[in-house]
Amino acid sequence: MTGVSPYLVPPEDLASLLGAEPAFRASQLREWLYQHPVLTADEMTNLPAGIRDSIGDALWPFDVEVDQSADGGRTRKWLFRAPDGAAIEAVLMGYPRRTTLCISSQVGCAMGCTFCATGQFGFDRQLEAGEMVAQVAYANAFLRRFPIDGCPERVTNVVYMGMGEPLANYERVRESLRRLIDVAGMSARSVTVSTVGVVPGMLRLADEPWPVYLAVSLHGADDETRSRLVPLNDRYPLEAVLTAAEKYFASKGRRISIEWTLIDGANDSDHQARRLADIARRLRAHVNVIPLNPTPLSADEPSSSDRTRGFMEALLVGGTNATLRETRGQEIDAACGQLRLRRATE
């Protein structure tokens, strides 16, 4: 071994790490990494001790800097630290019938959404495919040793909704999808890729072989509102984003999700709700309304409970399938970028 995490090596090339070992050893290692992840290399019981020792502390491409839990242990947030100092966040959420992991695709983000903790620090670098896959593998290894009571003991759903814009790191995200679906055996229908509207990436994703879900973060139902909250709208206006979403639906037959962070006085009016309902009907989409999780570097505040209720009612009157998402992990900075932001400002 070279001291490089095996997750940073394409699964087909793992033999390159094992020197003169027989070819089947690479297959065994691949199974441990992708089918049956473990927290430490010494748990890879059918590999010779020499291989396990050579992997050692290089198993993961990051160290666990912070491990926090909330909601009676059903929500867990990790801050991973890569050797170059890059901070990587992942959030695990356990439910009775599913265990969802929210992973990061970039260190920081260049999209500049006004209410997002990640964007407030700007962009550092792209995450490698292996760093994305390793977030999922680590969560599976953790659940294997520390299951969440009453929840599936393996990650059932992966959402690319953590730090970063996945479609701005397209080639590496694509490779991570290939490894999760074709190598690790996850169902494409249990994977969601989120975007704030990177239109070229949406169109490319529509041509890929995997029918993953696409979630489009709109946050504004007209160009003026959306540009104020999501600066990328100036480059890819609302109509271009909606047309790309329609093409994705036509290609995959997978229902689009619209993500909408509800912000007091910014996008929580009945007028915005009615326009959002029109968009949802056009796309045949489901709307996820997310109460804002405030950050210390933004003056944005969550909508009041009365305004939230009024917004949801306006959506329902407009014939929209909409869900007010449960807020999880506020006491552990569970929204994307918040834990990294707090650590950096302490």
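Is it true that some residue in region 242-257 is under 22 Å from the mean Cα position of the chain (by Cα), in a loop (DSSP other than H, G, I, E, B), modelled with pLDDT under 90 and on the phi < 0 side of the Ramachandran plot?
no
Go through the residues of region 13-28 one by one and say whether even a single one is in contact (Cβ under 8 Å) with a residue 40 or more places away in the chain and of a type outside the set (V, I, T).
No: zero hits.
Conditions tested, residue by residue: (1) farther than 29 Å from C116 by Cα; (2) crowded, with 22+ Cβ neighbours inside 10 Å.
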position: A137; (1), (2): no, yes
position: G150; (1), (2): yes, no
position: E153; (1), (2): yes, no
position: G164; (1), (2): no, yes
position: L167; (1), (2): no, yes
position: T192; (1), (2): no, no
position: V199; (1), (2): no, no
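Can you tell me which condition M163 does not meet? The list is (1) free of Cβ contacts under 8 Å to residues at least 60 places away in the same chain; (2) within 24 Å of G73 (Cβ to Cβ); (3) hydrophobic (A, V, I, L, M, F, W, C), and all the others hold.
(1)
So, in region 48-65, exactly how many residues are open to solvent by less than 60 Å² (accessible area, probe 1.4 Å) and touching a Lys or Arg at 6+ places or on another chain (Cβ under 7 Å)?
Count: 2.
With respect to the numbered conditions (1) within 14 Å of D264 (Cβ to Cβ); (2) in contact with a strand residue (DSSP E or B) (Cβ under 8 Å, 6 or more places away or on another chain), which one is the sole condition not fulfilled by N288?
(1)
Against the condition over 28 Å from L218 (Cβ atoms), modelled with pLDDT of 95 or more and within 12 Å of the chain's Cα centre (by Cα), how does V159 come out, does it pass?
no
When region 205-237 is examined, which residues are found to be touching a residue at least 24 places away in the same chain (Cβ under 8 Å) and more than 19 Å from V173 (Cβ to Cβ)? Break it down into steps so the answer makes sense when it comes.
Step one: list which residues in region 205-237 are touching a residue at least 24 places away in the same chain (Cβ under 8 Å), which gives 205-208, 210-222, 225, 228-233, 236.
Of everything in region 205-237, those that are touching a residue at least 24 places away in the same chain (Cβ under 8 Å) and more than 19 Å from V173 (Cβ to Cβ) turn out to be L218, H219, G220, A221, D222, T225, R228, L229, V230, P231, N233.
Output the residue which, of all residues in region 79-124 that are over 16 Å from the mean Cα position of the chain (by Cα) and charged (D, E, K, R), is least open to solvent (accessible area, probe 1.4 Å).
Across region 79-124, the extreme among qualifying residues is R81.
Among the numbered conditions (1) in contact with a helix residue (DSSP H, G or I) (Cβ under 6 Å, 6 or more places away or on another chain); (2) open to solvent by less than 50 Å² (accessible area, probe 1.4 Å); (3) among the hydrophobic types (A, V, I, L, M, F, W, C), tell me where V289 comes up short.
(1)
Condition first: under 13 Å from the mean Cα position of the chain (by Cα) and in contact (Cβ under 8 Å) with a residue 60 or more places away in the chain. Can you find one or more residues in region 181-189 that meet it?
no
Filter region 182-210 down to the residues that are out of contact with any strand residue (DSSP E or B) (no Cβ under 7 Å at 6 or more places or on another chain) and not in a loop (DSSP other than H, G, I, E, B) and list them by number.
Hits for region 182-210 are D182, V183, A188, R189, V199, P200, L203, R204, A206.
The values are calculated or read from the model by the stated rules, or taken from the named source; none is laboratory data. Here the structure is a predicted model, which is why all the values come from computation and not from measurement. In this analysis, Cβ positions are derived from the backbone assuming ideal geometry, glycine residues included, and neighbour counts consider all displayed protein chains. Note: accessible area is taken over every heavy atom of the protein model, side chains too, but ligands, DNA and RNA are not part of it. Shrake-Rupley method; radii C 1.70, N 1.55, O 1.52, S 1.80 Å.
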